[in-house]
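The values are calculated or read from the model by the stated rules, or taken from the named source; none is laboratory data. What you are looking at is a predicted structure, and each value in this text was computed from that prediction instead of being measured. These accessible areas exclude ligands, DNA and RNA; they are computed on the full protein's heavy atoms, side chains included. Shrake-Rupley method; radii C 1.70, N 1.55, O 1.52, S 1.80 Å.
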Amino acid sequence: MNEFTRMLAMFALAAVSLFAAKYEDSRRRANQNDERWQAVTAKADALTLHAIMIVAVAVMALLTLGSFGFVQRIGLIHQWSQAQQLLPILFGLLYLAPFAIFAFRTWALMHFDKTL
C-alpha cells in the first residue's frame, strides 16, 4: 500500500467518523435526548460491545490456534501466522478498529432509531 492510498483511506475514515458524529448529534437534538433516544443509544452501545467482544475473541482464537501444528496445515492460517505477515495485519486491525467501532455504533443507532 503506497502513501497516497493510505492518505486516501485516512480521509475516508475521517469523513465516515465526521458523518457519524454529526448524525448522532443531530438525532440527539431532534429527539431532545428523551427516554426513547436514551433507549436507542443504550441498545446501540450494548450491541457494539457485543460485536467488539466477538471480534476480540475471534482474533485471539486465530492468534492462539495459529501457533499449533495441526492448525498450521490450513494454508491461510499458516500464511497469516508468519511474523512478516502477522505484524501488518495486527497493525491494520489496531488502526482500523476505532473507526470500525464508530461506524458500527452509528449503524446500530440508525437501525434502532428506525425500529424503536
Roughly how much of TRP107 is accessible, in Å² to the nearest 10, using a 1.4 Å probe? 130 Å²
Just report the Cα centroid separation between the stretch 83-106 and the stretch 36-61, whole Å. 16 Å
